[in-house]
Amino acid sequence: MNAPDAEIIVGVDGSEQSLGALHWAAREARRRGAPLRVVTAYTVPMIGGSTFDVGYAAFDDAAMNRAVEDLVADARRRVAELDVEVRSTVQAGDPSGVLVDLSRDAQLLVLGSRGRGGFIGRLLGSVSTAVPAHAHCPVGIIPLQWGTEYRVHEDVSRRSAFVDGVTVGSDGSEHASAAMLWAADEAEQLGVPLTVVCAAPSDAGTSAWLPSPVDFDDLRGEVRAALDACVAWLRSHFPTLEITGELVDGSPIDVLVERSARNQLVVTGTRGRGGFAGMLLGSTSQGVLHNCTGPSMIVPGFQDPRLSDRPHVAV
């Protein structure tokens, strides 16, 4: 992972979603003592006629530049009271590519969950869907609902509704283990407990198509033992952190989305394939970021010496 004093990057396009992301990123930058970089990237619209000729749509270059500069200046004003070093980047180009490239040297990249509707819809668009799978650092996703509440209550993280600290989804894979380490670091810095969740779909209605009888009690017992081993490993690296493991019925997406409504942060890995019973697949992170009502973080795989002694569990 990148250095703890590296920049925190936030993509903005003037939409309500990106403004919520801006406030969350600025608060994180203050907490971490890191500089904040506000990034606006845009592409020039293209037009195509009845022939094979394709050209750039006619637009006022100067007006576009002024609009982008005003957007960045407004973002700076909105976080000026937080006493954070704010830098800015305005760049023509594919927003996803620009943000992924900048993430190489960042400690955290932050986006609103849906960027459409801001500044002529040209800047972020569906970036929050494309970027997490390719970013080189963890990506924080801040939904519109959270951003709206934050601006009303100033510091929504201190509201009593957020009682469960940090939750991380796990399936025993290496990607999930990396996410667990990151989540534990975050929980320790925030001074809140960590819950490691493994969500197992209910066996109801499954026996009809199974090729042979399955003892679901035995299967859940094996998964429970694997989860306990993961939690014990994590506790060995964070002896002072309160860590619990929960095996719950249901879809991983539904379980983590529900947690996002009352947690300060929900964390997943980018690709969880290969873990026990495939219970936290790559699609889980996408499902969480599209449906969460609180901040979530998607953590890419990374090299860490603490991963060398993780339990290798697969059921």
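Results, tabulated for the structure shown:
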item: Peptide ranges 169-178, 300-309 listed from the most packed, as the mean C-beta count within 10 angstrom indicates; result: 169-178, 300-309
item: Per-residue SASA entry for residue 312, accessible area with 1.4 Å probe, Å² rounded to 10; result: 150 Å²
item: Residues residue 222 and residue 74, FRET efficiency given R0 of 51 Å [Cβ-Cβ distance, rounded to 0.05]; result: 0.40
item: Computed lengthening from residue 190 to residue 261, 0.36 nm per intervening residue step minus Cα-Cα distance; result: 23.8 nm
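The values are calculated or read from the model by the stated rules, or taken from the named source; none is laboratory data. What you are looking at is a predicted structure, and each value in this text was computed from that prediction instead of being measured. Methodologically, a virtual Cβ is constructed for each residue, glycine included, from the backbone with ideal geometry; neighbour enumeration extends over all protein chains shown. Quick note on the areas: whole protein, heavy atoms, side chains included, nothing else; ligands and nucleic acids left out. Shrake-Rupley method; radii C 1.70, N 1.55, O 1.52, S 1.80 Å.
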